[in-house]
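The values are calculated or read from the model by the stated rules, or taken from the named source; none is laboratory data. Predicted model, so just to flag it, every value in this text is computed and none were measured. Cβ placement follows ideal geometry from the backbone for every residue including glycine, while neighbour counts extend to all protein chains displayed. Just so you know, the surface numbers come from the protein's heavy atoms only, side chains and all, with ligands and any DNA or RNA stripped out. Shrake-Rupley method; radii C 1.70, N 1.55, O 1.52, S 1.80 Å.
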Amino acid sequence: MDTPETDKSAGEKSASSPEETQPTVRRALVDETSARPTTQMEPAPRLRDVTGTFGDYVRGRREALASFTRRHRAATVLLAVLAVVAVAALAIAFAQAGRVPSGELIDADARERLSAPAYSGGTFGHDDALVARVVDVRRISRSGSASEGDNAQFGASGYASAEVVVSYTGSYVSADQGATLEYALLDGSWVDVGGARDVEVAWRASAGVDQEKVVRNAHLLLKRADEQGVPEGEQPLAELYANATAEVSDEHFDEDAQTDTLTLTCTRGEAFSSYACTMTVTFAFRQASGQWEVESVSVADGARERSLDALLGTWTGTFQSQDTDGEKCLAARDAGMTVVVSEAGTDEISGTISGVAHYHEHPNKDATDCEGDLVLEDVPFTAKLVESEGGILAFEAKLPEDVDGSATLALSFGTEDDPSAVTARLTSSYQHTGSILFFPVDETLTYTDLFSLRKNA
């Protein structure tokens, strides 16, 4: 029978040796061990269950919210709009909290509210008109209240101040005007409040002094020079040059140093003499006042010395009259006189003279010439100044002695009657022995010829 054979085979297998059975047991152990991980992973299905449960909850709430929104759609829209408005208002509030007037607004406002400073050059400077050129906004700050009570504005939501510097220029000076401008924020717009405060002006010179004003006020410079001391016995410069003319001969303007140095010459001219005073004057420009001030004055040597250069030249004399104790010899009437002044100092002149000297006795009657008349040709002389009052200059000179006599020359430039008149007197001295009642007497005869002089062109 088939079945018993099968059982037999199984029995034969059961009766196998232990060596064959042992591997089978190990396989069974391996199988058990491999099944354990499956047993330890059992919690994984539980996590999925939790996640699914939470998802179901979220979906449920979402569906409930959607259902609520559908039932209260109008209220939901209103709440959303209110939220947007609130956020926008908050953003605007934050923006306005840091908002300040724009630079463009301040620039235009500064040009309108601040006027160009008026400028007068004073004693030595140019008068000038200034025009606004540049506005420099230095600083803008925000504050919760006005700096002064009078500037407080009803309904203002904020205040601000701006520090500005407006630059002005003219032909001779420039100016920087600093000021503080205040603003109030009303209905979202910045408006100016109050007047400009802390206004200050700093000046700068772009050109030197006004030379015409310097010339007109030269007497002030002379007084400044006298403050350094007047030599004993000398006249103060301000008096000596009271009616003098002044002229600027040189100028050096230093824009970086803001100084201007002038060479000024004051000249006092009279009919036949003159005075010249050369001063070096340094002016300094003051930034605060915008005025030129005298910083120093120095005077060249010779300011108090008289110049006689006007006497230089050739003078031609016309005979006028003769003064003598007896009868006259009029030889000088036809001969005339020529005086050449070649050198002139401060108190003397020198040159040559041509004319006639009378070295003889008196004629029996007035004569046109006499024996003993000596023709003088280019006789040298040096004449000393003996008088200088009232514009009159009087000089005297002794001519070189001659064997027959001597002569003196007196020149007068200006007279009391005519300040422009020039005269010359040539006095001839002749010594001889005469007689009185038959007694010999030594006597000196003199002839003084008067001439009117005119300077050749």
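Within the assembled protein chains, the solvent-accessible surface assigned to T123 is about 60 Å², based on a 1.4 Å probe. To the nearest 10, the accessible area of S115 is 90 Å² with a 1.4 Å probe.
When the pairs K398/K455; K328/K455; K223/K398; K328/K384 are compared against a 32 Å limit on Cα-Cα distance, K223/K398 fall above it. For the stretch 154-169, the residues whose amide N sits under 15 Å from a probe point set 7 Å from the Cα of V131 along the beta carbon direction are 167-169.
For the stretch 319-423, the relative contact order comes to 19 percent (Cα pairs under 8 Å, sequence separation of at least 6).
Can you tally the net charge around G290? Count Lys and Arg as +1, Asp and Glu as -1, for every other residue whose Cβ sits under 13 Å from the Cβ of G290. Summing Lys/Arg as +1 and Asp/Glu as -1 gives -3. Residues of the stretch 394-414 falling in the label zone of Q320, defined by backbone nitrogen less than 20 Å from a point 7 Å along Cα to beta-carbon, are 394-398, 408-414. Here the 3J(HN,Hα) profile of the stretch 263-277, calculated from phi with Karplus coefficients 6.51, -1.76 and 1.60 at θ = phi - 60°, is 9, 10, 10, 9, 10, 10, x, 10, 4, 10, 8, 7, 10, 9, 10 Hz, Gly and Pro shown as x.
Across the stretch 363-457, the mean sequence separation of Cα contacts (distance under 8 Å, 6 or more residues apart), normalised by length, yields a relative contact order of 17 percent.
Seen from G178, the other residues with C-beta closer than 10 Å to its C-beta sum to a net charge of -4, counting Lys and Arg as +1 and Asp and Glu as -1. One decimal place: the segment E163-N456 gains 98.0 nm when fully extended, by the rule 0.36 nm per residue minus the C-alpha distance.
Counting only residues at least eight positions apart within a chain, or on another chain, the aspartates and glutamates with an alpha carbon under 17 Å from that of K213 are D127, D128, E247, D250, E251, D260, E293, E295. One chain, two ends: D309 and E234. Fully extended at 0.36 nm per residue, the span grows by 24.8 nm beyond their Cα-Cα distance. Note on D404/D366: beta-carbon distance plugged into 1/(1 + (r/R0)^6) with R0 of 35 Å gives a FRET efficiency of 0.95. Remark: accessible surface ordering of K328, K213 (largest first) is K328, K213, probe radius 1.4 Å.
The 1.4 Å probe gives accessible areas that order R113, R204, largest first, as R204, R113. Spin-label pair A116-E348: with each label point 7 Å from Cα along the Cα-Cβ axis, the two points sit 6.4 nm from one another. Computed with every protein chain present, the accessible area of S452 is close to 50 Å² [probe 1.4 Å].
Loop-located GluC sites (Glu not before Pro) in the stretch 360-457 (DSSP state not H, G, I, E or B) with no more than 13 neighbouring Cβ atoms inside 10 Å: E371, E389, E401, E416. What does the charge count around T265 come to, taking other residues whose C-beta lies under 12 Å from its C-beta (Lys +1, Arg +1, Asp -1, Glu -1)? Here the charged neighbours net out to -1. Put a dot 7 Å past the Cα of T123, heading toward its Cβ, do the same for S145, and the two dots end up 5.0 nm apart. Couplings 3J(HN,Hα) of the stretch 363-375, computed from phi: x, 5, 8, 4, 10, 6, 6, 9, 5, x, 5, 10, 7 Hz, in residue order, whole Hz [Karplus 6.51 cos²θ - 1.76 cosθ + 1.60, θ = phi - 60°; x for Gly and Pro].
A DSSP coil position with no more than 13 other Cβ atoms inside 10 Å describes the following chymotrypsin sites (Phe, Trp or Tyr not before Pro) in the stretch 138-198: F154.
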